Amino acid sequence: MTTIQRQGRDTSRWLSFYYFLRAGVSVGWVAAAFTIGKAMPPVAAALLVAYPAWDAVANLIDARRSGGLTANPSQALNAAASTVVAVAVAVTLGWGMHAVLAVFGVWAILSGLLQLATGVRRWQAGAQWAMALSGVQSALAGTHFIFKANGASTPGITDIAPYAAFGAFYFLVSAVWLTVAQARKGTTERTA
């Protein structure tokens, strides 16, 4: 096995693990949002700040594992934006959920476009079509959030939870896709 093949396999394994982790955290967040977050406003507030904060940490971990922040500018920018958004959400919670939803909308658009850029840059790693599609859908959801933030009805955490659920779905699809591809490659290499 060449060094390039080994690096490709290591990248694929890392991304598979990383995507499973992202999917699991998102599923846990969605479950918490629809249960205790829906019933307890202080918990909802903590969850709303935690979501972009976790995204920042996850992007930093992945960028560092994938060659560093300099080699992964879209993830470095995404981590910075998510950090700013976590702080902005904490501040806007005092202004009401319309403001929080507007912040989430702007963030969903920006992070979606950055995720799309990361998916395109990593295309050869496999399963990036799901990440690119997720990025596009995130940008569209962000636009919806902004419109809803300007509406008359009072939004809540359950308006944001489906967005996180779709993110979990795309991370899971990518993780499973990469895992199956790794298993197939392993079988092909053993029979060759």
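Work out the P(r) tail for the chain: percent of alpha carbon pairs separated by more than 27 Å, whole number.
Within the chain, distances greater than 27 Å cover 30 percent of Cα pairs.
Could you tell me the largest-minus-smallest coordinate of the C-alpha atoms of segment 1-114 on each of the three principal axes, in descending order and whole angstroms?
56, 27, 17
Ranking request for peptides 152-162, 47-57: highest mean number of other beta-carbon atoms within 10 Å first, then the rest in descending order.
Highest to lowest by the protection proxy: 47-57, 152-162.
Can you pull the percent of Cα pairs in segment 72-130 with separation above 19 Å?
It works out to 39 percent of all Cα pairs.
May I ask you to give the solvent-accessible area per residue for the chain, in square angstrom, as obtained with a 1.4 angstrom probe? Numbers along the way, then the final one.
On the way: 9810 Å² over 192 residues.
That works out to 51 Å² per residue.
Give the shape of segment 111-192 as rounded, prolate or oblate, defined through the alpha-carbon gyration tensor: a ≥ b ≥ c are the square roots of its eigenvalues, a/c under 1.5 means rounded, and otherwise the shape is prolate if a/b is larger than b/c and oblate if not.
Here segment 111-192 falls in the prolate category.
Positive end of the dipole of segment 95-192, charges at C-beta (+1 Lys, Arg; -1 Asp, Glu), about the Cα centre: which of LEU114, PHE147, MET97 has its Cα farthest in that direction?
LEU114
Whole-Å semi-axes of segment 66-171's equivalent ellipsoid, largest first, each the root of 5 times a Cα gyration tensor eigenvalue?
Working: eigenvalues 142, 49, 18 Å².
In descending order, the three semi-axes are 27, 16, 10 Å.
To the nearest 20 debye, what is the magnitude of the charge dipole of the chain about its Cα centre, counting +1 on the Cβ of each Lys and Arg and -1 on the Cβ of each Asp and Glu?
600
Restricting to Cα pairs below 8 Å that are 6+ residues apart, what does the relative contact order work out to for segment 1-148? Please round to a whole percent.
Relative contact order of segment 1-148: 19 percent.
Give me the percent of the accessible area of the chain that comes from carbon and sulfur atoms, probe 1.4 Å, all protein chains in place.
Looking at the chain in its full context, I get 71 percent from C and S.
The values are calculated or read from the model by the stated rules, or taken from the named source; none is laboratory data. Everything numeric in this text was worked out from a predicted model, so none of it was measured. Because the Cβ atoms are built from the backbone with ideal geometry, glycine has one as well, and the counts that use them run over all protein chains shown. Each accessible area value is taken on the protein alone, full model and side chains, heavy atoms only, with ligands, DNA and RNA left out. Shrake-Rupley method; radii C 1.70, N 1.55, O 1.52, S 1.80 Å.
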